[in-house]
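Enquirer: This is the structure I have questions about; it appears just below.
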Amino acid sequence: MTTATAPAVVGVIGGGRMGAGIAQSYATAGSAVTIAESSAEAAAAALDRVATGLKRAAERDRLAEPAERVLARVGTAGSVDALPTDADLVVEAVPEDPALKARVLTAAERAVSATTLLASNTSSLSVTELAAALTRPGRFLGMHFFNPVPASELVEIVVAPDTDAATVETALDWTHCLGKKDVVVKDSPGFASSRLGVALGLEAIRMVEEGVASPEAIDDAMRLGYKHPLGPLRLTDLVGLDVRLAIAEHLHATLGERFAPPRLLRQKVARGELGRKTGQGFHSWR
């Protein structure tokens, strides 16, 4: 049982699957959470995702209080500018577009106090480059959460050269308050988790492309032979083939040919076979 104290006020930028999961996790820990979205419709959808997640957690007896009470701690804002000025922590969870992330992070820095800790939930982009857009880079780092956030055990803390030591310690406390474990890594392409996970996933896709084995056989080999909880292709479906392609393209550009996306991955994304969220990826989810 963690003894770390949750931040009193948290802002989350972006209310998609990851942002809603982060919001749910901090609200469950006792924080007052505001999800900033780009429109009233997107904000309502984000709140609905949190409500659905809390309902599932309650059904699995994973809440210490009624879901309605936790949900009452979650509010929304129609823009980043409307984030609470007294936020202790703001986590950016928008799509993996460096220009978009830099834009919302600079807007968040203007909206909150000088003591607010800013974090990006990026899974592969350079935290150092994102920090370059900020006037207070010492108060910024990466907090890479994993999907599904409420059930996952890990947060990857990504430290840029200008990140203050006190910022890292605070981020660790606010990871532990969720009952999660941390790994601390130096900022580098793909960090530790995405770099290794994508390498395995891309090789599995190449094996399907070459006719070595079926997706089911490859997943079973890693699940049963190496005790992975999920095979690399089922995990790719859960992450989203479009997300995995974007990460692979970034790693290809920064680390070289070994991360070149397979043709099969590009074809599936072009056909809209993005994994669980569309009902079809390397496996059928219908």
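The values are calculated or read from the model by the stated rules, or taken from the named source; none is laboratory data. Small disclaimer: the values here were computed from a predicted structure and weren't measured. Don't worry about glycine lacking a Cβ; one is built from the backbone with ideal geometry, like all the others, and counts go over all protein chains shown. To get the accessible areas, we keep the full protein, side chains included, count just its heavy atoms, and leave off ligands, DNA and RNA. Shrake-Rupley method; radii C 1.70, N 1.55, O 1.52, S 1.80 Å.
Enquirer: Can you report the number of residues in the range 149-173 which are closer than 17 Å to Val239 by Cβ and surrounded by fewer than 16 Cβ atoms within 10 Å (Cβ to Cβ)?
Expert: From the range 149-173, those closer than 17 Å to Val239 by Cβ are 149-156; that's our starting set.
From what's left, surrounded by fewer than 16 Cβ atoms within 10 Å (Cβ to Cβ): 151-154.
Final tally of qualifying residues: 4.
Enquirer: Quick check on this structure: which one of Ala119, Ala151, Ala133 is under 20 Å from Tyr26 (Cα atoms) and in a loop (DSSP other than H, G, I, E, B)?
Expert: On the way: Ala119 fails: in a loop (DSSP other than H, G, I, E, B); Ala133 fails: under 20 Å from Tyr26 (Cα atoms).
From the options Ala119, Ala151, Ala133, the qualifying one is Ala151.
Enquirer: Another question about this same structure. What tally of residues in the range 60-110 results from selecting those that are touching a Lys or Arg at 6+ places or on another chain (Cβ under 7 Å) and either of a type in the set (Phe, Trp, Tyr) or touching a residue at least 60 places away in the same chain (Cβ under 8 Å) (or both)?
Expert: Quick first cut of the range 60-110, residues touching a Lys or Arg at 6+ places or on another chain (Cβ under 7 Å) only: 67, 92, 94, 109.
Those still in the list that are either of a type in the set (Phe, Trp, Tyr) or touching a residue at least 60 places away in the same chain (Cβ under 8 Å) (or both) too: 92, 94.
Residues in the range 60-110 being touching a Lys or Arg at 6+ places or on another chain (Cβ under 7 Å) and either of a type in the set (Phe, Trp, Tyr) or touching a residue at least 60 places away in the same chain (Cβ under 8 Å) (or both): 2 in total.
Enquirer: Name the single residue, out of those in the range 102-148 being closer than 16 Å to Asp81 by Cα and of a type in the set (Lys, Arg), that is most open to solvent (accessible area, probe 1.4 Å).
Expert: Filtering first and then ranking leaves Arg110.
Enquirer: Oh, and also: Those residues that are assigned to a loop (DSSP other than H, G, I, E, B), out of contact with any Asp or Glu (no Cβ under 9 Å at 6 or more places or on another chain) and either of a type outside the set (D, E, K, R) or more than 14 Å from Pro7 (Cβ to Cβ) (or both), I need them from the range 76-96; list them, please. Please lay out each step first, then the result.
Expert: Filtering the range 76-96 down to residues assigned to a loop (DSSP other than H, G, I, E, B) leaves 78-79, 83-88, 93-96.
If we keep only those that are out of contact with any Asp or Glu (no Cβ under 9 Å at 6 or more places or on another chain) as well, we get 83-88, 93-96.
Hits for the range 76-96 are Leu83, Pro84, Thr85, Ala87, Ala93, Val94, Pro95, Glu96.
Enquirer: Looking only at helices (runs of 4 or more DSSP H) that lie completely in the range 177-271, which have at least 1 residues being without any contact (Cβ under 8 Å) to a residue 12 or more places away in the chain, open to solvent by 60 Å² or more (accessible area, probe 1.4 Å) and within 23 Å of Met143 (Cβ to Cβ)? First the steps, then the outcome.
Expert: Numbers: elements: 193-209, 215-225, 232-239, 241-255, 263-270.
So the answer is 193-209.
Enquirer: A further question follows. Would you confirm, using the coordinates I've provided, whether Ala99 is part of a loop (DSSP other than H, G, I, E, B), open to solvent by 10 Å² or more (accessible area, probe 1.4 Å), at negative phi and not polar (S, T, N, Q)? First the steps, then the outcome.
Expert: Values: part of a loop (DSSP other than H, G, I, E, B): no; open to solvent by 10 Å² or more (accessible area, probe 1.4 Å): yes; at negative phi: yes; not polar (S, T, N, Q): yes.
When the stated conditions are applied, Ala99 does not pass them.
Enquirer: Of everything in the range 38-64 that's of a type in the set (Ser, Thr, Tyr) and exposed (fewer than 15 other Cβ atoms within 10 Å of the Cβ), which residue is farthest from Gly11 (Cα to Cα)? First the steps, then the outcome.
Expert: Of the residues in the range 38-64, the ones of a type in the set (Ser, Thr, Tyr) are 38-39, 52.
Subsequent filtering for residues that are exposed (fewer than 15 other Cβ atoms within 10 Å of the Cβ) retains 39, 52.
On the way: Ser39: 16, Thr52: 20 Å.
Only one residue tops the list, namely Thr52.
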